[in-house]
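Undergrad: My questions will all concern the structure given below.
The values are calculated or read from the model by the stated rules, or taken from the named source; none is laboratory data. The shown structure was predicted, so the numbers you read here are calculated from the model rather than taken from an experiment. Please note: Cβ atoms are built from the backbone with ideal geometry, for glycine as well, and neighbour counts cover all protein chains shown.
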Amino acid sequence: MPKHKYVGMDVHSATTVIKIQNEAGKTVATSIVETKSGAIKDFVRGLTGTVHVTFEEGVHATWLYEIIKPLVAEVIVCDPRHNKLIQSGNKSDQNDAEKLAELLRIGSLKPVYHGDCGTRELREAVRAYNVLTRDCLRVMNRIKAMFRGRGIDCRGTQVYRAVHREHWLDCLWPSGSNSEAGAAIPTTGWRQPATRNGPQGNAEAGSVSPRIQGAQTGQDTGAGQDSPDNRSGSIAIQV
């Protein structure tokens with residue numbers, strides 16, 4: 001008759017504490033492994049009998065569910081808000097893992113649904129698309145606000161296009177706000193289009209317009225190149 005083993009995992013970014021109980025509720029093994037796919041898979045494969053695993057919902061829950069589910073009989077991702085036994089008594093990683101194993105054995109865990117892992121990549125792609133779209137719209141609104149603040153009509157989408165860049169720069173410069181233009185334009189990805197046979201032969205990355213360089217020389221606005229607005233600005237202008 002196959003023996004059942006109940007595995008409680010207390011998961012952290014660097015390590016995972018694991019406690020294993022048998023059918024009688026006795027802790028038969030304790031281990032600490034790295035929170036890495038290979039280490040966790042090797043540990044689970046080394047278990048005999050019918051293996052049941054539980055861990056709490058968190059940052060690593062979906063990833064852990066996907067790598068452990070094919071290797072065991074049952075995986076329960078539990079809701080930590082309903083684990084009253086864990087909330088009582090001394091708090092430690094080893095105690096939490098042991099209490100999870102006990103709750104799993106007696107069937108007192110409230111599971112969180114993790115059954116449809118096949119759409120995870122799609123959900124992540126949709127989430128990234130939504131974030132980029134919002135960032136692009138925010139940067140485009142900043143561009144138009146700069147022109148509207150000077151009473152310049154900028155209806156339509158020409159203001160975003162590289163082929164019309166010099167015209168719009170001509171509209172900005174006479175207003176005497178070189179420093180602000182130099183601050184705003186680089187954050188929106190307004191760069192000179194690269195020429196395949198240019199003097200430097202740089203066909204991959206465009207060069208900054210000399211007019212923009214002149215404005216930047218006067219004042220460093222501290223706008224970081226890695227901010228979401230800067231990255232999304234390049235996308236907004238190139239789309």
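Undergrad: Report whether or not T50 is touching a residue at least 60 places away in the same chain (Cβ under 8 Å) and either touching a helix residue (DSSP H, G or I) at 6+ places or on another chain (Cβ under 9 Å) or under 16 Å from A101 (Cα atoms) (or both).
TA: The answer is no for T50.
Undergrad: Can I ask one more? Of the numbered conditions (1) at pLDDT below 95; (2) more than 23 Å from the chain's Cα centre (by Cα); (3) closer than 24 Å to Y113 by Cβ, T27 fails exactly one; give the number of that condition.
TA: The single condition T27 does not satisfy is (3).
Undergrad: Taking the options L71, L103, L85, name whichever one is modelled with pLDDT under 90, touching a helix residue (DSSP H, G or I) at 6+ places or on another chain (Cβ under 7 Å) and of a type in the set (A, V, I, L, M, F, W, C). Even if it seems obvious, please write down each step before you answer.
TA: On the way: L71 fails: modelled with pLDDT under 90; L103 fails: modelled with pLDDT under 90.
Of the residues listed, the single one that is modelled with pLDDT under 90, touching a helix residue (DSSP H, G or I) at 6+ places or on another chain (Cβ under 7 Å) and of a type in the set (A, V, I, L, M, F, W, C) is L85.
Undergrad: Is there any pair linking a residue in region 1-20 that is assigned by TED's automatic domain parsing to the domain that holds K36 and among the small types (G, A, S) to one that is surrounded by 15 or more Cβ atoms within 10 Å (Cβ to Cβ) and in a strand (DSSP E or B), with Cβ under 7 Å and at least six apart or on different chains, and which?
TA: G8/K19; G8/T54
Undergrad: In this structure, does A128 turn out to be surrounded by 17 or more Cβ atoms within 10 Å (Cβ to Cβ), closer than 30 Å to Y65 by Cβ and either within 27 Å of the chain's Cα centre (by Cα) or modelled with pLDDT of 80 or more (or both)? Step through it out loud before you land on a result.
TA: Numbers: surrounded by 17 or more Cβ atoms within 10 Å (Cβ to Cβ): no; closer than 30 Å to Y65 by Cβ: yes; either within 27 Å of the chain's Cα centre (by Cα) or modelled with pLDDT of 80 or more (or both): yes.
When the stated conditions are applied, A128 does not pass them.
Undergrad: E74 versus (1) touching a residue at least 12 places away in the same chain (Cβ under 8 Å); (2) charged (D, E, K, R); (3) loosely packed, with under 13 Cβ neighbours inside 10 Å: which is the lone unmet condition?
TA: Failing condition for E74: (3).
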